[in-house]
Every structure is written in structure tokens, then in C-alpha cells.
Amino acid sequence: MKPYPKYHVSTVPWLNKLPEHWQQRRLKFAARINPSLSRFPDYSSEVTFLPMEVVSTTGAIDCSRKRKVSEVQNGFTCFQRNDVIVAKITPCFENGKGACLGELDTDCAFGSTEFIVLRAGKAIRPAFLYYLTCANQFRQLGTQSMTGSAGQQRVGLDFVANLPCPLPPTAEQDAIVAFLATKEADMQKFIAGNRRRMELLKEQKTALIQRAVTRGLDLNVRLKPSRIPWLGDIPEHWQEKAAKFFFREIDERSKTGNEELLSVSHITGVTPRREKDITMFMAESYEGFKTCRVGDLVINIMWAWMGALGVSRHTGIVSSAYGVYRLKDATTFVPDYLDHLLRTKPYAAEYHCRSTGIRSSRLRMYTDAFFRVPVLRPPIEEQREIVDFIGSESAQIGKALAAAEREIELMEEYRTALIAAAVTGKIDVSTAA
């Protein structure tokens, strides 16, 4: 894109220069900040409700949630159609959560108190105002101005009110908005395509693993009925026995609680708690927690029906509510084969059937139920071949996933850079629009 033919120097460092015919004004003189509603709705009527989670980082909002005005008139922020909202709390602000409410399906709405509301004046279009808040300079400067305790930092109203902003003629604002809207549609289509590709790659990996651990690698192998309806036929030379013939339950307890703390999930299997990038409950002491060794099978009894189990690659401690099982003969299984097999979808479905509880969120699979689960056992050398095959194929799929994710990151970076260049006049988009 070409720049404008003439510029004048701005006194604001982040703007640097502006097209010669553009003005510059503090945001509080171009828009009202946290205004009241122009017309308050009836208390009995329903309005759109916008908690933080229904506002995306690309300006999209989910208007499906409705609440009665009488329920939300106190304790929530009010908006009306064409207002611009910007998240003020970390990390939502840095991530770009905000929207222009031009498509709001009710005249007004209520939502999170963690939004700053901007109502455009006559000199600025709502959509152009929204794009100003998307510019990377706006986000960077706002982040630098944040105050508050760690994890609860917020952008102050003073920063927003006194931010110098560029003001092109309204007709030119319309052209910039039209250009960015078209470009955004193309970018979001590209991102959606990549996300779909990532979903398909993950499905491919899941199917590949399930096929390998339940049927082997030889496509011409002779099969036999497995007596397991949910698995179907299996290779003729494979063994199939209930888990009780392979495992024994272990209940060894930590005396100090100082060992490596491990967690179990359906996504990552058994992993050190320190590697989890989420907030989790931390006990004052882990004395009395169950210990496990490398190669032990650990089952999160409450979430087994989701596949929350795995063969541990670590020696450490786990919740005393988990089940820990050790092979009677360590030579019967390659640990990675066993981990792949017991975490497949058919096995997770079987755990669901064998779990008991008064409702789905409280189902538990106890030891006697697990011991009845049938386990497939190929010859040990074939297990190694299957593990090597899965590792090789998964690595290739992993590369494709990483490439697709990087393309999404680059496109999102390009989006913010393009918006910033357009709304600050570094490129002339009027003819392109």
C-alpha cells in the first residue's frame, strides 16, 4: 500500500506523523467514556447480556445470552447499539478483547464491569473508533499504563480519556473501515481454514494411534474375533486378557510429600504439576499422597470416563484419590504402547460404561471395575514397532500442526499491524477501499 502524498508532523510519538488533512484530538473530545443509556429499557424486558467470555479478540460477540433488565440493572455495565467496548483488565486487554456493538440484537445490553464503554461523537465513526482500540500502539501504551496488583491490573480511564487519536474526515473513516472489514473477512477465513486443518490433523493422529494399537501395522494380518464388541476383530496372534491378569494395585504413601508432584489429565496423561500452565489447588502438605514409579499406570478415578489416565514417565506422588497400578511382569508391555492403548477413545468409552455414580459429573471407576477391562497384548517386539511408527507419524503431524499454528500467529500479527497502519494514516487505503 502507498502512503499519503503529504504529511504533517505529530507531537505524539506513537503517531509520529499524520496525513496533512487529518486532525488530532484527545479521545475524550471525540467520544464519551462510560456514558449512561440514552433511553433506559423497561425493567421487565429482556436484553442481551455480555460477560467477558462471549466477546472475542476479533470483535465478534455472542448475543445469545439474555437477561431481564431487573436482574442486571445493578452491578453490571450498560451499553447500547454502536457503542465500542474495550476490556480493561489483564490479560483480556492485552489479548485485544473488545467490539463495536453495531450488530447488537437489542437496543441496549448489560455485561461485565471489566469493560470500558466508548460512545462515538459526531467527528468519529463507531467502527473507526473500534479499529483505533485494536491498533497495537493502543494496546502497548495501555499495557504500560496499567495499575493494580499482579493478576488484577487494569487500564485506567485517564489513559483512555487523554489518548491522542487521529481523526480523518468521516468519509475517509468510512473508506478505511470498509477496507479493513474486507481484509478482516479474508483473514478470518484464512484463520478458520487453518484451524479446521488443525482439527483434521488431530483427528488423523487419533485415528492413526487407535488403528495401530488395536490392529497393528500389518494390513494383511489374519484377524480373529476379540470377544470385545467395542474393539471388533484383532490380529490372530495377539493376546487379550482382563486387566487383573496384568496389573496389581499399589498403595504406597509418601512420608514427606517432597517428591515430584504429578497430575493426570485426558489431554496430557501423567505430567509434572509444575508444567501445567493453569491455576490449580495447592495443598499445604503432600504427606500421605500416593507414590508412583516410572512405568506405573495412574488413573484419575473421577475423570477416568474422559480418559484421564496414563503410564507415568516420572517417579513422584499423585493424589491419594487416584488409582496406581503396576505391571506384575514389567516385560509384558512397552510402557508407551500401553499408554497409547489405554487412552484411545474406545477405551475411554469403556471406562464410562464401567464407572458408577449418581450423575455424570460424579462418575468414578474403581479398581474392581478397571480390573475387568480387557487389555490387548501384542508380542513385545511388535509393541516396539507400533510405538516407533506412532512416534514417527506423530512427529510429522506435529510439524504440520506447528506450521498451521504459526501461520495463524503471523496472520493475527499482520491484522494488528495493518489496522494500525490504516487508522494512523501510514498507508492510503481510500482507493483500495
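Let's see how each residue does on (1) among the aliphatic types (A, V, I, L, M); (2) outside any loop (DSSP other than H, G, I, E, B); (3) at pLDDT below 95; (4) within 18 Å of ALA135 (Cα to Cα):
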position	(1), (2), (3), (4)
TRP14	no, no, yes, yes
SER38	no, no, yes, no
TYR43	no, no, yes, no
THR58	no, no, yes, yes
SER70	no, yes, yes, no
VAL86	yes, yes, no, yes
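Sort out which residues of segment 231-244 are of a type outside the set (S, T, N, Q) and surrounded by 13 or more Cβ atoms within 10 Å (Cβ to Cβ), and write them in order of number. Reasoning before the result, please.
The first filter runs over segment 231-244 and keeps only residues of a type outside the set (S, T, N, Q), leaving 231-238, 240-244.
Residues satisfying the conditions are LEU231, ASP233, ILE234, PRO235, TRP238, GLU240, ALA242, ALA243, LYS244.
Mind telling me which of the residues THR279, THR291, THR268, THR256 ends up being of a type in the set (Ser, Thr, Tyr), surrounded by fewer than 17 Cβ atoms within 10 Å (Cβ to Cβ) and either modelled with pLDDT of 95 or more or over 30 Å from GLY151 (Cβ atoms) (or both)? Walk me through how you get there before you give the answer.
Numbers: THR279 fails: either modelled with pLDDT of 95 or more or over 30 Å from GLY151 (Cβ atoms) (or both); THR291 fails: surrounded by fewer than 17 Cβ atoms within 10 Å (Cβ to Cβ); THR268 fails: either modelled with pLDDT of 95 or more or over 30 Å from GLY151 (Cβ atoms) (or both).
Checking each option against the conditions leaves just THR256.
Being closer than 30 Å to THR90 by Cα and out of contact with any Lys or Arg (no Cβ under 8 Å at 6 or more places or on another chain) is the filter; apply it to segment 161-177 and report the residue that is surrounded by the fewest Cβ atoms within 10 Å (Cβ to Cβ). Full working, then the answer.
Restricting attention to segment 161-177, the residues satisfying the condition of being closer than 30 Å to THR90 by Cα are 161-167, 173, 176-177.
Those left that are additionally out of contact with any Lys or Arg (no Cβ under 8 Å at 6 or more places or on another chain): 166, 176.
On the way: PRO166: 22, ILE176: 24.
In this case the residue turns out to be PRO166.
Determine if segment 207-214 includes at least one residue that is touching a Cys at 6+ places or on another chain (Cβ under 9 Å), at negative phi and of a type outside the set (Ser, Thr, Tyr).
Restricting attention to segment 207-214, the residues satisfying the condition of being touching a Cys at 6+ places or on another chain (Cβ under 9 Å) are none.
No: segment 207-214 contains no residue that is touching a Cys at 6+ places or on another chain (Cβ under 9 Å), at negative phi and of a type outside the set (Ser, Thr, Tyr).
Filter segment 196-218 down to the residues that are within 18 Å of the chain's Cα centre (by Cα) and loosely packed, with under 13 Cβ neighbours inside 10 Å, then identify the one that is farthest from PRO374 (Cα to Cα). Lay out the reasoning, then the answer.
So in segment 196-218, the residues within 18 Å of the chain's Cα centre (by Cα) come out as 196-203.
Within this subset, residues satisfying the condition of being loosely packed, with under 13 Cβ neighbours inside 10 Å are 196, 199-200, 202-203.
Working: ARG196: 35, GLU199: 30, LEU200: 30, LYS202: 26, GLU203: 25 Å.
Here the answer is ARG196.
To keep it simple, each residue is scored yes or no on (1) farther than 30 Å from PHE29 by Cβ; (2) in contact (Cβ under 8 Å) with a residue 60 or more places away in the chain; (3) in contact with a strand residue (DSSP E or B) (Cβ under 6 Å, 6 or more places away or on another chain).
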| site | (1), (2), (3) |
| --- | --- |
| GLN173 | no, no, no |
| GLN188 | yes, yes, no |
| ALA192 | yes, no, no |
| GLU199 | yes, no, no |
| ALA207 | yes, no, no |
| ARG215 | yes, no, no |
| ASP218 | yes, no, no |
| VAL221 | yes, no, yes |
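Mind checking whether some residue in segment 355-363 is surrounded by 17 or more Cβ atoms within 10 Å (Cβ to Cβ) and over 30 Å from ALA178 (Cα atoms)?
Pass one, segment 355-363, residues surrounded by 17 or more Cβ atoms within 10 Å (Cβ to Cβ): 355, 363.
Subset that is over 30 Å from ALA178 (Cα atoms): 355, 363.
Scanning segment 355-363 turns up at least one residue that is surrounded by 17 or more Cβ atoms within 10 Å (Cβ to Cβ) and over 30 Å from ALA178 (Cα atoms).
Please state which of the following conditions ASN136 fails to meet, knowing it meets all the rest: (1) surrounded by fewer than 23 Cβ atoms within 10 Å (Cβ to Cβ); (2) of a type outside the set (A, V, I, L, M); (3) touching a Ser or Thr at 6+ places or on another chain (Cβ under 6 Å); (4) closer than 19 Å to ILE33 by Cα.
(4)
Yes/no matrix, rows are residues, columns are (1) at pLDDT below 95; (2) of a type in the set (Val, Ile, Thr); (3) surrounded by 15 or more Cβ atoms within 10 Å (Cβ to Cβ):
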position	(1), (2), (3)
ILE299	no, yes, yes
SER312	no, no, yes
ARG326	no, no, yes
GLU350	yes, no, yes
GLN383	no, no, yes
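Inside segment 246-265, can you point out the residues that are touching a residue at least 60 places away in the same chain (Cβ under 8 Å) and either part of a strand (DSSP E or B) or of a type outside the set (D, E, K, R) (or both)?
Listed by number, the residues that qualify are PHE246, PHE247, ARG248, GLU249, ILE250, ARG253, SER254, GLY257.
The values are calculated or read from the model by the stated rules, or taken from the named source; none is laboratory data. Nothing here was measured: the structure is a model prediction, and the numbers come from that model. All Cβ positions, even for glycine, are placed from backbone atoms using ideal geometry, and neighbour counts span all protein chains on display.
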